[in-house]
Amino acid sequence: MDLRDALAQIAEIRAHIAQNETFRGYRSATVAASGLLALLGAAIQTLWIPDPQQQFTAYLKLWIVVAAASFLIFAAEIAWRSYLHAAPQARQLTLLAVQQLRRAWWRAGC
């Protein structure tokens, strides 16, 4: 067994370990920020869109903006934590979580 084979086996073992671990990259501050955005969206909807069935386009735009802002907060937090962690296993876990989210996104047809 040469060095390349050994390194390839180690990388494969790390990938299997990362797939079975739970991603704990989401922190309470980002979850709280997402919740606050949702509450702000609900308040805006109550004030500006009292009848969502009659103003469906405005309603849809509002919640798309809220969802996009929440996504950006989570993406920025994940990118920042990935940048801060030098441990290869932590970065691999973050990359795996992002890949799983991307696959779920595509399966949902978005």
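The values are calculated or read from the model by the stated rules, or taken from the named source; none is laboratory data. All values reported here derive from a predicted model rather than from experimental measurement. Counting neighbours? That spans all protein chains shown, and the Cβs are built from the backbone with ideal geometry, glycine included. Accessible surface areas use protein heavy atoms only, side chains included; no ligands, DNA or RNA. Shrake-Rupley method; radii C 1.70, N 1.55, O 1.52, S 1.80 Å.
Considering every residue within the stretch 64-85, establish whether at least one is free of Cβ contacts under 8 Å to residues at least 40 places away in the same chain, in a helix (DSSP H, G or I) and of a type in the set (K, R).
No, the stretch 64-85 contains no residue that is free of Cβ contacts under 8 Å to residues at least 40 places away in the same chain, in a helix (DSSP H, G or I) and of a type in the set (K, R).
In the stretch 76-100, what residues are open to solvent by 40 Å² or more (accessible area, probe 1.4 Å) and within 17 Å of R27 (Cα to Cα)?
Within the stretch 76-100, A76, A79, W80, R81, Y83, L84, H85, R91, L95, V98 meet the criteria.
Going through the stretch 101-110 one residue at a time, which ones are loosely packed, with under 11 Cβ neighbours inside 10 Å, closer than 29 Å to I10 by Cβ and at pLDDT below 75?
A104
Counting just the residues of the stretch 18-37 that are modelled with pLDDT under 70 and over 15 Å from L72 (Cβ atoms), which one comes out most open to solvent (accessible area, probe 1.4 Å)?
Start the filter on the stretch 18-37 by keeping residues that are modelled with pLDDT under 70, which leaves 18-26.
Next, from what is left, pick out any that are over 15 Å from L72 (Cβ atoms): 18-25.
Numbers: A18: 1, Q19: 108, N20: 135, E21: 78, T22: 87, F23: 46, R24: 169, G25: 9 Å².
Looking at the filtered set, the residue picked out is R24.
Looking at (1) open to solvent by less than 60 Å² (accessible area, probe 1.4 Å); (2) under 18 Å from S28 (Cα atoms), which is the only condition P52 fails?
Failing condition for P52: (2).
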